[in-house]
Amino acid sequence: MDIVAKNVSYTYSEGTPFEKRALNNVNFRIPSASFTGIIGHTGSGKSTLIQHFNGLLRPMSGMLKVGDVTVSASLKNVSELRRQVGMVFQYPEHQLFEETVAKDVAFGPRQFALAEREVEERVRDALSLVGLEYDQVAEMSPFQLSGGQMRRVAIAGVLAMRPKVLVLDEPTAGLDPQGKEDILQTIVDLKRTESLTVICVSHSMEDVARYADHLLVMHQGTVVMEGDPIAVFQKRDQLQSYGLDLPPVLDWVHRLNAFVEPQIPYALYTAEQ
Ligand code: ADP
């Protein structure tokens, strides 16, 4: 399902001395089944924006549609929207609490009054999607796992709800290089589920270059660039004006392109590695 925003604005603590306009006339179209990266400096509005996708926040003006659902102050059936839009907030492993991995991943589906067999099938599928073997980890305590594995269990818990859209906020934050690499690979592998739309907030241009096929660039509460990552990365100077530097490899491609003809396709780097 597409997510479309037209002139969406949001202000925190409106009418108080702490008033802060966090989104200012935001426009975009996130295509269904895309891998969309949202990049931007700290404070540019990324977290505020994604909290609108499952109705945690509602636009104060403008229009936001998630599939057929209009996210507005008057939206009643927010639980249905939350079923469809799975959110993985920063450090999601802090919310693991069950004694075993299987119970933790099953927590969401159990809210739907499904048959036990169906719950187990969802748990198996979700663990497999994040690259974990059910038979190896199901009976382990989540706290016996590495930080990266715990994070994957937390993501599996959201996938077990079978959402149509998966939103991840800085999924590699705080992991060691190997854990970070594994999570990124997991995200890239999620592409196997073709119908899932994945939206990933990151401050790392290098990370989004690895998986995104659609990019939103945010600056001071507005989406200032949108489109194919290859086209976005070609506008190095504009990105720099938003405080975003190309990762070293892309920067190198950019410099070389100034001298050679035909141009080296950025896709050589951004293609799945
Ligand atoms: P990002 O995710 O890109 O770092 P945020 O959406 O968190 O940006 O923040 C956008 C702006 O809104 C920032 O100026 C931030 O300080 C402000 N902001 C975020 N959350 C709140 C809040 N709960 N109350 C007031 N201001 C907030």
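The table that follows gives values for the structure above.
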{"quantity": "Members of region 13-42 that are loosely packed, with under 14 Cβ neighbours inside 10 Å and near the ligand (Cβ under 8 Å from one of its atoms)", "calculated": "S13, F18, K20, T42"}
{"quantity": "Selection count where residues are in contact (Cβ under 8 Å) with a residue 60 or more places away in the chain and within 16 Å of the ligand (Cβ to nearest atom), scope region 49-76", "calculated": "5"}
{"quantity": "Yes/no for Q95 being within 25 Å of F112 (Cα to Cα), within 16 Å of the ligand (Cβ to nearest atom) and within 20 Å of the chain's Cα centre (by Cα)", "calculated": "no"}
{"quantity": "Residues that are within 16 Å of the ligand (Cβ to nearest atom), in a strand (DSSP E or B) and touching a Ser or Thr at 6+ places or on another chain (Cβ under 9 Å), drawn from region 214-223", "calculated": "L215, L216, V217, M218, H219, T222"}
{"quantity": "Residue count, region 77-123 (criterion: in contact (Cβ under 8 Å) with a residue 60 or more places away in the chain, in a helix (DSSP H, G or I) and within 20 Å of I183 (Cα to Cα))", "calculated": "2"}
{"quantity": "Answer residue from region 1-12, given it is assigned to a strand (DSSP E or B) and under 17 Å from the mean Cα position of the chain (by Cα) and is nearest to the ligand (Cβ to nearest atom) among those", "calculated": "A5"}
{"quantity": "Matching residues, region 124-143, being part of a helix (DSSP H, G or I) and over 22 Å from E181 (Cα atoms)", "calculated": "R124, D135"}
{"quantity": "Some residue of region 198-209 being part of a helix (DSSP H, G or I), within 13 Å of the chain's Cα centre (by Cα) and hydroxyl-bearing (S, T, Y)", "calculated": "no"}
{"quantity": "Within region 171-197, tally of residues that are assigned to a helix (DSSP H, G or I) and small (G, A, S)", "calculated": "1"}
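We did not get these values from a lab; they are worked out from the coordinates using the rules stated. Being a predicted model, the structure only gives us computed values, none of them experimental. Using ideal geometry, Cβ is built from the backbone for each residue, glycine included, and neighbour counts are taken over all protein chains shown.
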